[in-house]
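Values quoted throughout were computed directly from the atomic coordinates according to the rules given, and no laboratory measurement underlies them. Predicted model, so just to flag it, every value in this text is computed and none were measured. Positions of Cβ are generated from backbone atoms using ideal geometry, with glycine treated the same way; all protein chains shown enter the neighbour counts.
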Amino acid sequence: MDEYVKMMQNKTFVESHLDQGLDNCINAEIAAGTITTISEGVQWLKKSYLYHRIIKNPHHYQVSRTEIQNDPSGHMILLEKVTNCVESLNRARLIRYNRDTEQVYSTDMGRIASNYYINVETMSYFMANL
């Protein structure tokens, strides 16, 4: 209860947890057609609360102050996060990623994972043992 009282008194910041399930979200956005390239993924992530919290409190998200000072817009940090997720989804065969054109598109299994809210980790296990 103390935690909620502190939040109501603005003594505690609410942090984003999107980074913990970012691969599931990016898979869903690719399956929906919202994200078709890496740069669209970065633009999508820039609209999130996670982006704003990374800029305000980088330490909480394992981002050094130096990285923020070198890249105040956070573009390269988001690019790295999106690229890592896309490469992970590609290895799991949930999406296809063309490194030359930066295009991404969903596979049937990626769409199934998205439509039925199946965790990417579970789907990866399923795909590896198929």
Note on the range 99-119: residues under 18 Å from residue 21 (Cβ atoms) and surrounded by fewer than 16 Cβ atoms within 10 Å (Cβ to Cβ) are 112, 115, 116, 117, 119
Among the residues of the range 102-118, the number that are charged (D, E, K, R) and at negative phi is 2
Go through 77, 35 for me and flag whichever is within 12 Å of the chain's Cα centre (by Cα), on the phi < 0 side of the Ramachandran plot and not in a helix (DSSP H, G or I).
35
Scanning the range 98-114 for residues that are touching a residue at least 40 places away in the same chain (Cβ under 8 Å) and either touching a strand residue (DSSP E or B) at 6+ places or on another chain (Cβ under 7 Å) or closer than 16 Å to residue 88 by Cβ (or both) gives 102, 103, 104, 105, 106, 110, 113, 114
The range 11-37, subset in contact with a strand residue (DSSP E or B) (Cβ under 8 Å, 6 or more places away or on another chain) and crowded, with 19+ Cβ neighbours inside 10 Å, residue farthest from residue 82 (Cα to Cα):
31
Matching residues in the range 102-121 - criterion: being in a loop (DSSP other than H, G, I, E, B) and more than 14 Å from residue 41 (Cβ to Cβ)
107, 116, 117, 118, 119
